[in-house]
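Report on the structure given below.
None of the figures in this text is laboratory data; all of them are computed from the coordinates on show. Given the structure is predicted, the values throughout are model-derived calculations rather than measurements. Here the Cβ is made from the backbone with ideal geometry for all residues, glycine too, and neighbour counts use every protein chain on show.
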Amino acid sequence: MDIIKIIVAILLPPLGVFLEVGLGKHFWLNILLTLLGYIPGIVHAVYIIARR
């Protein structure tokens with residue numbers, strides 16, 4: 001299941017974080033990072049998924 005979450009995180013970073021942690025602070029931080037730049041959003045999403 002983590003492989004699917006990582007693929008989703010690469011395509012839509014906030015959705016990948018949402019699937020992992022729900023509507024928490026990491027989700028909103030990821031939306032902000034994705035709006036500021038797509039790559040920081042991807043890095044943050046993969047980090048959140050990989051650390052759990």
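Placing a label point 7 Å from the Cα of ASP2 along the Cα-to-Cβ direction, the residues of the stretch 12-52 whose backbone N falls under 14 Å of that point are 20, 46-52.
Converting phi to 3J(HN,Hα) with the Karplus coefficients 6.51, -1.76 and 1.60 and the offset θ = phi - 60°, the stretch 44-52 yields 5, 5, 5, 4, 4, 5, 6, 6, 8 Hz in sequence order, with x at every glycine or proline.
Restricting the calculation to Cα atoms, every distinct pair contributes to the Kirkwood radius of the chain, found to be 10.1 Å. Spin-label model, LEU35 to LEU12: label points 7 Å out along the Cα-to-beta-carbon direction sit 1.8 nm apart. Could you tell me the relative contact order of the stretch 2-51? Use alpha-carbon pairs under 8 Å, at least six residues apart, and round to a whole percent. Computed over the stretch 2-51, the figure is 42 percent.
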